[in-house]
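The values are calculated or read from the model by the stated rules, or taken from the named source; none is laboratory data. As the structure is a computational prediction, the values presented were derived from the model and not from experiment. Glycine also receives a Cβ, built like all others from the backbone with ideal geometry; neighbour counts cover every protein chain displayed.
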Amino acid sequence: MIKIYSPKDSMEAECLKDMLISHHIHCHVGGTFLQGATGELPAHDLIGLYADIADADRAKELIGEWLKASPIIGDEQ
(Lines give C-alpha, C1' and ligand atoms only; values in the text may rest on other atoms or scores of the structure.)
Protein backbone atom coordinates (compact mmCIF):
# COMPACT_ATOMS: atom_id res chain seq x y z
CA MET A 1 0.00 0.00 0.00
CA ILE A 2 1.11 3.53 -0.69
CA LYS A 3 0.07 6.85 0.83
CA ILE A 4 -2.34 8.55 -1.53
CA TYR A 5 -3.53 11.49 0.59
CA SER A 6 -2.82 13.34 3.84
CA PRO A 7 -6.18 14.19 5.43
CA LYS A 8 -6.36 17.23 7.69
CA ASP A 9 -7.94 15.20 10.51
CA SER A 10 -9.35 11.79 11.36
CA MET A 11 -12.91 12.85 10.42
CA GLU A 12 -11.86 13.66 6.86
CA ALA A 13 -9.82 10.46 6.72
CA GLU A 14 -12.78 8.29 7.70
CA CYS A 15 -15.13 10.05 5.26
CA LEU A 16 -12.68 9.52 2.41
CA LYS A 17 -12.08 5.93 3.43
CA ASP A 18 -15.82 5.22 3.39
CA MET A 19 -16.17 6.89 0.00
CA LEU A 20 -13.32 4.83 -1.48
CA ILE A 21 -14.69 1.61 -0.02
CA SER A 22 -18.05 2.39 -1.64
CA HIS A 23 -16.14 2.43 -4.97
CA HIS A 24 -14.60 -0.97 -4.15
CA ILE A 25 -11.14 0.44 -3.41
CA HIS A 26 -9.43 -1.23 -0.47
CA CYS A 27 -7.82 1.44 1.71
CA HIS A 28 -6.45 2.02 5.18
CA VAL A 29 -6.15 5.04 7.47
CA GLY A 30 -2.84 5.16 9.30
CA GLY A 31 -1.44 7.46 11.94
CA THR A 32 -4.62 8.38 13.78
CA PHE A 33 -3.16 7.30 17.12
CA LEU A 34 -0.02 9.37 16.52
CA GLN A 35 -1.99 12.57 17.15
CA GLY A 36 -1.65 11.90 20.88
CA ALA A 37 2.13 12.13 20.56
CA THR A 38 2.24 15.64 19.10
CA GLY A 39 4.67 16.77 21.80
CA GLU A 40 7.16 14.22 20.48
CA LEU A 41 6.32 14.30 16.75
CA PRO A 42 5.71 17.03 14.19
CA ALA A 43 2.10 18.20 14.41
CA HIS A 44 1.35 17.83 10.67
CA ASP A 45 1.03 14.98 8.19
CA LEU A 46 0.54 12.37 10.90
CA ILE A 47 -2.57 10.85 9.33
CA GLY A 48 -2.36 9.14 5.97
CA LEU A 49 -4.79 7.42 3.65
CA TYR A 50 -3.25 4.37 2.00
CA ALA A 51 -4.41 2.29 -0.97
CA ASP A 52 -3.08 -0.56 -3.08
CA ILE A 53 -0.71 0.56 -5.82
CA ALA A 54 -3.07 -0.78 -8.49
CA ASP A 55 -5.92 1.42 -7.16
CA ALA A 56 -3.86 4.51 -6.33
CA ASP A 57 -4.59 6.54 -9.48
CA ARG A 58 -8.34 5.90 -9.34
CA ALA A 59 -8.39 6.64 -5.60
CA LYS A 60 -6.58 9.96 -6.12
CA GLU A 61 -9.04 10.85 -8.88
CA LEU A 62 -12.03 10.11 -6.63
CA ILE A 63 -10.53 12.09 -3.76
CA GLY A 64 -9.98 15.05 -6.09
CA GLU A 65 -13.62 14.93 -7.19
CA TRP A 66 -14.75 14.65 -3.56
CA LEU A 67 -12.67 17.68 -2.55
CA LYS A 68 -14.10 19.79 -5.41
CA ALA A 69 -17.73 18.88 -4.65
CA SER A 70 -20.11 21.41 -3.16
CA PRO A 71 -22.43 20.30 -0.37
CA ILE A 72 -26.19 20.30 -0.94
CA ILE A 73 -27.84 22.27 1.84
CA GLY A 74 -31.49 21.94 2.74
CA ASP A 75 -33.99 21.05 0.06
CA GLU A 76 -31.91 22.46 -2.81
CA GLN A 77 -31.11 19.90 -5.48
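Anything in the range 1-10 that is of a type outside the set (K, R) and either at pLDDT 90 or above or touching a Phe, Trp or Tyr at 6+ places or on another chain (Cβ under 6 Å) (or both)? List them, or say none.
Once the filter is applied, which keeps residues that are of a type outside the set (K, R) and either at pLDDT 90 or above or touching a Phe, Trp or Tyr at 6+ places or on another chain (Cβ under 6 Å) (or both), the range 1-10 yields M1, I2, I4, Y5, S6, P7.
Got a number for residues in the range 45-76 being small (G, A, S) and exposed (fewer than 14 other Cβ atoms within 10 Å of the Cβ)?
So the answer is 5.
For the subset of the range 41-55 comprising residues that are under 12 Å from the mean Cα position of the chain (by Cα) and small (G, A, S), which member is modelled with the lowest pLDDT?
Of everything passing the filter in the range 41-55, G48 is modelled with the lowest pLDDT.
Look at the range 1-23 and say how many of its residues are more than 14 Å from L46 (Cβ to Cβ) and buried (at least 17 other Cβ atoms within 10 Å of the Cβ).
Residues that pass the stated criteria total 4.
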